[in-house]
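Novice: Could you have a look at this structure, given as structure tokens, before my questions?
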Amino acid sequence: MKKNGFTLVELLAVVIILGIITTFALPNILNITKAQKIKACESKLNSLESAAKLYLQDYEDEYYDGEKDYFIFEGKNIYVTAKNLKDKGYADDITNPITKDEINVRIDLRITTPDKNNTNRHVYKATISNKNYCK
């Protein structure tokens, strides 16, 4: 008599083998996905720092006292939030890829005044206050 198909024992053996393979492969796949989300979040933070620099350049006049030739907040901390940047049009999407919530970080802003030899150059710095936000 000719055998057509598989026996129940053969099918169960295949299912068990596939289950074992999935058990080892699934955590690796999930870790890769999480690592990609962390990189995407870090990339958004870098973009927010760049957007904050643009914001600072555009609003520099509000912080500069031309008569005294210094920035009003020199020696003081000023900052913007991701929401501020979004509201002013400097950032489009501020969704955290990991939590799906809005990114809630403070971006510290600094303008370094030029030295006496180079009076036309200011250095704009924007730094995320919590570098471990995405982890």
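The values are calculated or read from the model by the stated rules, or taken from the named source; none is laboratory data. On a predicted model such as this, the values are computed, not experimentally measured, just so you know. Cβ placement follows ideal geometry from the backbone for every residue including glycine, while neighbour counts extend to all protein chains displayed.
Novice: Show the residue pairs that are 6+ apart or on different chains and have beta-carbon atoms under 8 Å apart, the first residue being within the stretch 93-113 and more than 16 Å from ALA51 (Cα to Cα), the second being in a loop (DSSP other than H, G, I, E, B) and acidic (Asp, Glu).
Specialist: These pairs meet every condition: THR113/GLU74.
Novice: Right, here's the next one. Quick check on the stretch 77-86. Is at least one of its residues among the β-branched types (Val, Ile, Thr) and either more than 23 Å from the chain's Cα centre (by Cα) or modelled with pLDDT of 85 or more (or both)?
Specialist: Within the stretch 77-86, the first condition is being among the β-branched types (Val, Ile, Thr), and the residues that meet it are 78, 80-81.
Now drop any that are not either more than 23 Å from the chain's Cα centre (by Cα) or modelled with pLDDT of 85 or more (or both), which leaves 80-81.
Taking every residue of the stretch 77-86 in turn, at least one turns out to be among the β-branched types (Val, Ile, Thr) and either more than 23 Å from the chain's Cα centre (by Cα) or modelled with pLDDT of 85 or more (or both).
Novice: Being of a type in the set (Val, Ile, Thr), out of contact with any Lys or Arg (no Cβ under 6 Å at 6 or more places or on another chain) and modelled with pLDDT under 85 is the requirement here; does ILE32 meet it? Write out each step before concluding.
Specialist: Numbers: of a type in the set (Val, Ile, Thr): yes; out of contact with any Lys or Arg (no Cβ under 6 Å at 6 or more places or on another chain): yes; modelled with pLDDT under 85: yes.
Yes.
Novice: Looking at the stretch 1-45, which of the residues that are among the small types (Gly, Ala, Ser) and surrounded by fewer than 10 Cβ atoms within 10 Å (Cβ to Cβ) is farthest from the chain's Cα centre (by Cα)?
Specialist: Of the stretch 1-45, the ones among the small types (Gly, Ala, Ser) are 5, 13, 19, 25, 35, 40, 43.
Those still in the list that are surrounded by fewer than 10 Cβ atoms within 10 Å (Cβ to Cβ) too: 5, 19.
On the way: GLY5: 54, GLY19: 36 Å.
Filtering the stretch 1-45 for residues that are among the small types (Gly, Ala, Ser) and surrounded by fewer than 10 Cβ atoms within 10 Å (Cβ to Cβ), the one farthest from the chain's Cα centre (by Cα) comes out as GLY5.
Novice: Sticking with this structure for a sec: For the subset of the stretch 46-63 comprising residues that are hydroxyl-bearing (Ser, Thr, Tyr) and assigned to a helix (DSSP H, G or I), which member is farthest from the chain's Cα centre (by Cα)?
Specialist: Pass one, the stretch 46-63, residues hydroxyl-bearing (Ser, Thr, Tyr): 47, 50, 55, 59, 63.
The next check asks that each one be assigned to a helix (DSSP H, G or I); those that pass are 47, 50, 55, 63.
Values: SER47: 7, SER50: 11, TYR55: 18, TYR63: 27 Å.
Ranking the qualifying residues of the stretch 46-63, first place goes to TYR63.
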